[in-house]
Amino acid sequence: MNTAGITGKSLRAALAATSCALAFAAGSTLTGCSEVWNNPHPLGSEKTNTMFVPFRERSPKYLDPVSSYSNDETPYTYQVYEPLYGYHYLKRPYELVGRTAVEIARPRYLDKDGKPLPDDAPGDQVAETVFDIRIKPGIKFAPHPAFAKDANGSYAYHAMKKADVADKHKITDFTQTGTRELTADDYVYAIRRLATPRVKSPSFSTMADYIVGLKEYGERIVATDKELRKDLAPTDRDLPFLDFREYSFPGAEALDKHTLRIRVKGKYPQFKYWLAMTFFAPVPWEAEKFYSQPGMAEKNLTLNYWPVGTGPYMLTEYIENRRHVLERNPNFRGEPYPCEGEPGDREKGYLADCGKTIPFVDKVVFDIEKEGVPLQAKFLQGYYDSPAIERLDYGTSMIVAMGDSKEKEKEYREKGIKLPTTIEANNWYIGFNWLDPVVGKGDTPEQAERNRKLRQALSIALDWEEHIAIFERGQGVAAQGPLPPSLFGYRDDGPAAFNPVVYTRGPDGKPVRRTIDEAKRLLAEAGYPDGRDARSGKPLVVNFDYQSSPTPGNKALLEWYTKQFAKIGVQLEVRATDYNRFQDKISKGSVQIFFWGWLADYPDAENFLFMLYGPNSKALTGGNGENNTNYQNPEFDELFKQMKFLDDGPEKQKLIDRMIEIVQKDAVWSFGYFPTSAAAYHQWIANGKPTQIIRNHIGYLRLDPGLRTRKLDEWNKPIWWPIPLIAAVLVAGIVPAWFAWRRRERETAGRTLAHEGSAP
Amino acid sequence: MINYIVRRIGYGVLILIGVNLFTFALFFTVNTPDDMARMNIGGKRVSQDAIEKWKVERGYNKPLFWNAEAPGTGRLTNTIFFDRSVQLFALDFGASDSGRDIGYEIRKRVGPSVALAIPSFILGVFAVIVFSLLMVFFRNTYLEFWGFALAVFLMSISALFYILMGQFFFSKVLKLVPISGYSGGSDIFVFLALPVIIGIVSRLGGEALFYRTMFLEEIGKDYVRTARSKGLSETVVLFRHVLRNALLPILTSTVAVLPLLFLGALIMESFFGIPGLGSYTIDAINAQDFAIVRSMVFVGSALYILGLILTDISYTVADPRIRLS
């Protein structure tokens, strides 16, 4: 929609408003004044294929694919940039699919002499993994001035002077644009650029450990950059173009126009998940050249504000801390909406758009909404299509609110708000410190057995179903093991779905928590009959570290934990501290039991099971590992070493099953729960499947502007009658004042003086 | 008078240096450049190298006030304080710590701030004067009593409450105006109507009582008696004689803040999503962006000094007996 159209409509609205106001003044009826008045968007925009969503607090900090690593940046970065891989939109467990890649590349393994190894070669024999990734031909970059060429075929904006940029503040200030085809070289350029010292590159240190030659390359690039900047002040922002095309390294190469080769040290099957992140999004050299010209950085004309990509959308407006607009990339090739999903997707309508070309929505407008009250009000009025496009916490809180208030439940139902839920790769658990003499491993086999029984007894006593019902308002499922249901390795009929140590099967086959009597029996076998040490007679006191200071808000929760342990006669000493102190204690291993959670980096079982892998012990690695309980089990560690090299398949499943059985028996965690997350959309948004892993989801969403317009009219009919009422009250106040005024004006001076005389 | 103004401007520069020094000291007492770097880089995996690099690129690696290692005057000039202050006095605000052009942002944001502040101010002053004069006019009557009670009532409620109630009642219940947002052009009235009304109502009570006291002080004076004895109507006495004589304290409280209107209203802009300078300042404080904070404090101080000079000049206009020398 053009600006002139909007202004014209606004003027009409203003005229309508004036006529309405005049009608009131004349005391006429209120008919004809039902037009929507509280629309915060340009009038008429609700009828267009434009999605409106808020963003909270501030604009995204980094849109440069090398730097971007934060959730609030993903609605922009993942719609604009296209990494090699992405996730299938509907399938669960998550399945990687090619995004610009033709398919998921099958890795080739080489031994230390560079000779090929079979696919099933043991991981420790693999010296190098080679990924040859085919890129779809014909993919074009979104229109951008960096590609624009003049009549002679030279780049129109590659030789600008500072004065040429003086009046340019946004990318749309450049009149000419151009495009070109995406090639493997753009990915090579992006991978080389991970080593840049000029902008933040959070993945560099990890990737340098894996990609062949990247670490040394990084050192070379730092030296090169220093040389380029030697005559410049450190604060200078106009830096000479650091052209990564001139500096190569063997870990990333373009074999031909459409084939990219990446070489990875050893065997690292999880590397494929990195290729679905924007760290591996293509960067055209033209963009870097364009943005490195004098005066650009001062005007915020950088890749950090104005990304260039091949994705379904392009960023056309960036007003910091106010508004960002994504518009359909006219050069986007179009991708088909998936025709397969997980069971139940068809019934939920997620397959209705099978085969249609995405993206569906033409434009996405992100407006800042700093305060919660206006955000919620605008969503309920229909002016935001979703209250949070990139997060699932808002939908969950709406479900909780529905449970708390009948009125809210009625309102949300009447408005047809969709709150689809999911269990994401996220858990909360209570961990038992393996280094602790009472709840840990135990020094002797007998002690180890007693400690295990104690942990098992405590695990039974902790009624997580009750916890979910009270503190999560039913929004979660009790965990049977360390793996959440959305990951490969979790089977409904496998050990991940049933923990025989804590549960038995009920008559309907569903898990039923073992009884407190069983927990007491185990406690007695552990040497603590009725919660007292059989040898000393002293009560068993367990220290529980909690990750925030005690507040009235968490008092009930902490008391709940105490009561759970008291059910079997164990006393709980709660040590609630602030989060920094808590982390410090965990790093040193100076805790006994503690409550903590984990949100997966990528959807692989390895990303949860590595928290129980011995060499990752937090206390034994000086805080560098993620094994917070410091759990050590040689069999588990051996299986983990095998499992981490395997691709998803029956063999990996078998190992995962066994590993889960081991940790269930050892009860090193009381497995806690997997919280439910929910998206929130209005009824006119289709295909909104909740996810925290898939970030390019906006292209899959479909909007029905007609339905939205009707509902906005229906929900936002202005109520005018209080206005004349307020006016009447004012008049009622003014009339006596007017009479009093007249009286005072006519009264004699003597009377006025009499008033003055009685003045205070 | 010219001499006086020049002298005041001279004092103003000294005050600005003092304010700048004070802001600088306060900011760096609670924040170290390392904290700022960490906050600005953000996210996971912030290495010490990255922090050092961030500081070097923005000149925060120098000492704050005194560079013992530098030769000669460099000890004083090769510091963060000197670098940042000199620039300000040349009205070159430079780039924010996140890299954006502060001058450009200020120019872009002054419009929405003024669009909100000017109507709130003018209509507010008008409403306050009328309300307080009416209370004086109807002194010792039940109208004054209820007017007084209303003023105390309005004064007792926090501005935040007005905002929340205004949004709830006019936007959510009656659906007459957008709950928040901003747009230029003709739509501006729809977005600003509610914040302007709330701006007026929230200050009406307190200021009306203050003005009322001013007017009451005047009304007992001889010249009022003389005016009445001449047979002038009470309206003329109040609006022509009393108002003009009570103007001095009113000018003090209004003209001085006039230039500050350009700085926007912090809370109002934040709640109504108005992209003005008030919300710009709040965002900068939240993001620990010292470059913006010091620029905004500097602009604020300069405008306040300008306001005080204007107040002095306005005295001479309002009261011919006053001479600036």
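Structure notes:
- Of all residues in the range A:304-360 being within 14 Å of chain B (Cβ to nearest Cβ) and over 22 Å from the mean Cα position of the chain (by Cα), the one that is modelled with the highest pLDDT: A:E317
- Total residues in the range A:668-726, condition of a type in the set (V, I, T) and on the phi > 0 side of the Ramachandran plot: 0
- Selection within the range B:96-125 - within 29 Å of B:A208 (Cα to Cα) and either at the interface with chain A (Cβ under 10 Å from one of its Cβ atoms) or free of Cβ contacts under 8 Å to residues at least 60 places away in the same chain (or both): B:P112, B:I122
- Residues of the range A:707-747 that are within 11 Å of chain B (Cβ to nearest Cβ), over 20 Å from B:L176 (Cβ atoms) and among the β-branched types (V, I, T): A:I734 alone.
- Taking the range B:1-95 as the region of interest, the helices (runs of 4 or more DSSP H) fully inside it that hold 3 or more residues being surrounded by 15 or more Cβ atoms within 10 Å (Cβ to Cβ) are B:2-30, B:33-41, B:48-58, B:80-89.
- Filter pass, A:Y384 being hydroxyl-bearing (S, T, Y) and either closer than 30 Å to B:G278 by Cβ or within 14 Å of chain B (Cβ to nearest Cβ) (or both): yes
- A:D493 more than 21 Å from A:F432 (Cβ to Cβ) and of a type in the set (D, E): yes
- Of residues in the range B:173-200 being assigned to a helix (DSSP H, G or I), of a type outside the set (S, T, N, Q) and facing another protein chain (nearest Cβ under 8 Å), the one farthest from B:P119 (Cα to Cα): B:V173
- Checking B:S186, B:S156 one by one, the residue that is of a type outside the set (K, R), in contact with a Ser or Thr (Cβ under 6 Å, 6 or more places away or on another chain) and either more than 20 Å from A:K370 (Cα to Cα) or at pLDDT below 90 (or both) is B:S186 and no other.
- Among the candidates A:V53, A:V80, residue that is within 14 Å of another protein chain (Cβ to nearest Cβ), modelled with pLDDT of 95 or more and closer than 22 Å to A:P359 by Cα: A:V53
- Against the conditions (1) in contact with a helix residue (DSSP H, G or I) (Cβ under 9 Å, 6 or more places away or on another chain); (2) of a type in the set (S, T, N, Q); (3) touching a residue at least 24 places away in the same chain (Cβ under 8 Å), A:S292 satisfies every one except (1).
- When residues of the range B:253-302 are limited to those that are of a type in the set (S, T, Y) and within 18 Å of A:E320 (Cβ to Cβ), the one farthest from the other protein chains (Cβ to nearest Cβ): B:S295
- Count - residues of the range A:102-117 that are closer than 26 Å to A:H258 by Cα and either more than 32 Å from the chain's Cα centre (by Cα) or hydroxyl-bearing (S, T, Y) (or both): 7
- Residues located in the range A:422-465, provided they are part of a strand (DSSP E or B) and at pLDDT below 95: A:T422, A:I423, A:N426, A:N427, A:W428
- Given (1) crowded, with 22+ Cβ neighbours inside 10 Å; (2) more than 18 Å from A:K370 (Cα to Cα), number of the condition B:S180 does not satisfy: (2)
- Residues being surrounded by 15 or more Cβ atoms within 10 Å (Cβ to Cβ), away from every other protein chain (no Cβ under 14 Å) and in contact (Cβ under 8 Å) with a residue 24 or more places away in the chain - total across the range A:182-219: 18
- Which numbered condition A:E369 fails, given (1) out of contact with any Gly (no Cβ under 7 Å at 6 or more places or on another chain); (2) modelled with pLDDT under 95; (3) within 13 Å of chain B (Cβ to nearest Cβ): (1)
- Residues in the range A:281-305 that are surrounded by 24 or more Cβ atoms within 10 Å (Cβ to Cβ) and within 15 Å of A:V165 (Cα to Cα): A:F290 only.
- A count restricted to the range B:136-166 and to residues that are more than 11 Å from every other protein chain (Cβ to nearest Cβ) and either closer than 15 Å to B:L209 by Cβ or not in a helix (DSSP H, G or I) (or both) stands at 11.
- Scanning the range A:21-50 for residues that are surrounded by fewer than 20 Cβ atoms within 10 Å (Cβ to Cβ), away from every other protein chain (no Cβ under 14 Å) and at pLDDT 75 or above gives A:K47, A:T48, A:N49.
For (1) of a type in the set (D, E); (2) within 21 Å of A:A524 (Cβ to Cβ); (3) surrounded by fewer than 23 Cβ atoms within 10 Å (Cβ to Cβ), each residue gets a yes or a no:
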{"position": "A:L419", "(1), (2), (3)": "no, no, yes"}
{"position": "A:W428", "(1), (2), (3)": "no, no, yes"}
{"position": "A:Q447", "(1), (2), (3)": "no, yes, yes"}
{"position": "A:R450", "(1), (2), (3)": "no, yes, yes"}
{"position": "A:I460", "(1), (2), (3)": "no, yes, no"}
{"position": "A:D463", "(1), (2), (3)": "yes, yes, yes"}
{"position": "A:G481", "(1), (2), (3)": "no, no, no"}
{"position": "A:L487", "(1), (2), (3)": "no, no, no"}
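- Members of the range A:119-140 found to be of a type in the set (D, E) and in a loop (DSSP other than H, G, I, E, B), listed by number: A:D119, A:D120
The values are calculated or read from the model by the stated rules, or taken from the named source; none is laboratory data. Since this is a predicted model, take the numbers as computed values, not measurements. Cβ sites come from the backbone with ideal geometry, for glycine too, and all protein chains shown count toward neighbours.
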